[in-house]
Amino acid sequence: MPGLHKFDPLSNLASLRCPPPVRLPGEWLELLRPLPFRYPLEDEQYIATSGGRRILLRPIRPGDAPAYEAMFQRLDRDDVRFRFFSYLKQLPSNELLRFQKIDYDLNINYIALGITKSHEREMLGVVGATIVPEESTAEFGLLIRSDQKGQGLGKMLLRKLISACTGRGINTLRAEVMPRNAAMLALVRTLDFQFHYQADGTYVGIKRRLREA
Ligand SMILES: CC(C)(COP(=O)(O)OP(=O)(O)OC[C@H]1O[C@@H](n2cnc3c(N)ncnc32)[C@H](O)[C@@H]1OP(=O)(O)O)[C@@H](O)C(=O)NCCC(=O)NCCS
């Protein structure tokens with residue numbers, strides 16, 4: 001019949017194909033990734049910065065290394081030096097290894113994650129400690145992305161580390177800080193750390209007892 005369109009299944013094949021895979025925001029993909037067996041899920045905690053931004057503090061998981069590398073690229077030279085005692089261009093391999101080969105027994109690592117406007121998670125800070133079992137001590141390093149300093153993140157991460165170490169029965173928490181690092185020295189002073197100045201002026205040993213020996 002003139003004017004009547006015949007149904008042609010072949011010409012409609014395109015509409016029958018599966019729709020293209022949905023591009024999920026990075027935040028959702030993270031939720032869908034299976035967690036490692038030993039992952040301490042109970043340690044996850046939402047906090048708010050002094051500016052009101054919602055932040056997730058959580059133990060590290062497999063797959064976090066690229067976020068750490070991205071954060072490193074956004075650090076001021078002096079912050080890199082204060083953390084690693086050297087002007088590095090990329091993360092030291094031993095630091096990256098802590099993120100690639102996660103050992104929840106020997107290391108305690110927490111990261112601070114924010115959500116960008118495009119719904120991606122971004123890493124804003126990290127505190128990492130290595131346990132020295134024979135001394136019942138944990139040696140730690142703390143780092144906040146340079147543009148995120150001064151909002152309470154450093155203190156919240158360090159408090160979380162103190163609480164985790166105390167919960168594990170560790171006696172002492174310690175670190176080495178450059179004498180010029182006024183921000184870190186001010187922070188740990190508010191958390192009752194003791195200072196031990198080295199005679200050669202290379203670093204200040206900071207130490208906090210977590211329980212009586
Ligand atoms: C040191 C560092 C971790 C502080 O983190 P932060 O998130 O900026 O610190 P916070 O906002 O949590 O501040 C915590 C306390 O320290 C004080 N403080 C922070 N920066 C300070 C500064 N530049 N001068 C004086 N006091 C400072 C704050 O007044 C605050 O005290 P309050 O809680 O009584 O108000 C951050 O500057 C950093 O990553 N520096 C580079 C790496 C580094 O030095 N690591 C330490 C070596 S292990």
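Take every Cα-Cα pair in the chain and report what % of them are more than 23 Å apart.
Working: 11917 of 22578 pairs.
Taking all Cα-Cα pairs of the chain, the fraction more than 23 Å apart is 53 percent.
State, as an integer percentage, the relative contact order of the stretch 35-141 based on alpha-carbon contacts under 8 Å between residues 6 or more apart. Write down the numbers at each step before the final one.
Values: 143 pairs, mean separation 25.7, N = 107.
For the stretch 35-141, the relative contact order is 24 percent.
In nm, give the distance between the simple-model label positions of Arg61 and Gln90, each being 7 Å from the Cα along the Cα-to-Cβ direction.
Modelled inter-label distance: 2.6 nm.
How many nm separate the modelled label positions at Arg180 and Ile115, each set 7 Å beyond the Cα in the direction of the Cβ?
The modelled label-to-label distance comes out at 4.0 nm.
Which whole-Hz ³J(HN,Hα) couplings does the stretch 77-82 yield from phi under the Karplus relation 6.51 cos²θ - 1.76 cosθ + 1.60, θ = phi - 60°, glycine and proline marked x?
3, 5, 5, 4, 5, 4
Where in the stretch 87-147 are there chymotrypsin sites (Phe, Trp or Tyr not before Pro) that are in a DSSP coil and have at most 10 other Cβ atoms within 10 angstrom of their Cβ? Working shown, then result.
Numbers: sites: Tyr87, Phe99, Tyr104, Tyr110, Phe140; in loops: Tyr87, Tyr104.
The qualifying sites are Tyr87.
Identify the trypsin sites (Lys or Arg not before Pro) of the stretch 39-95 meeting these criteria: DSSP loop state and at most 10 other C-beta atoms within 10 Å of the C-beta. Spell out each step's value before the answer.
Numbers: sites: Arg53, Arg54, Arg74, Arg77, Arg81, Arg83, Lys89; in loops: Arg53, Arg74, Lys89.
Qualifying residues, ordered by number: Lys89.
Stretch Thr130-Arg209 to full length: gain in nm at 0.36 nm per residue minus the Cα-Cα span? Provide the component values of the computation, followed by the final result.
On the way: separation 79, 0.36 × 79 = 28.44 nm, distance 1.60 nm.
Full extension from Thr130 to Arg209 adds 26.8 nm.
Can you tell me which lysines have their Cα less than 23 Å from the Cα of Lys117? Leave out same-chain residues fewer than eight positions away.
Within the straight-line cut-off, Lys117 pairs with Lys149.
Within 9 Å, Cβ to Cβ, of Asp79, how many net charges do the neighbouring residues add up to if Lys/Arg are +1 and Asp/Glu are -1?
On the way: positive: Arg77, Arg81, Arg83, Arg145, Lys149; negative: Asp76, Asp78.
Value of the local net charge: +3.
Modelling each spin label as a point 7 Å along the Cα-to-Cβ direction, I'd like the Asp192/Tyr46 distance in nm, to one decimal.
So the label points at Asp192 and Tyr46 sit 3.1 nm apart.
What does the charge dipole of the chain about its Cα centre add up to, to the nearest 20 debye, if the Cβ of each Lys and Arg holds +1 and the Cβ of each Asp and Glu holds -1?
Working: 31 positive and 24 negative charges, 91 e Å.
Here the size comes out at about 440 debye.
Just need the relative contact order of the chain here, percent rounded to a whole number, with Cα pairs under 8 Å and 6+ apart. Provide the component values of the computation, followed by the final result.
Values: 301 pairs, mean separation 33.4, N = 213.
Across the chain, relative contact order equals 16 percent.
Taken together, the values in this text are just the output of simple stated rules run on the coordinates, not laboratory data. If you're wondering where the values come from, they're calculated on a predicted model, not measured in any experiment. Positions of Cβ are backbone-derived with ideal geometry, glycine not excepted, and every protein chain shown enters the neighbour counts.
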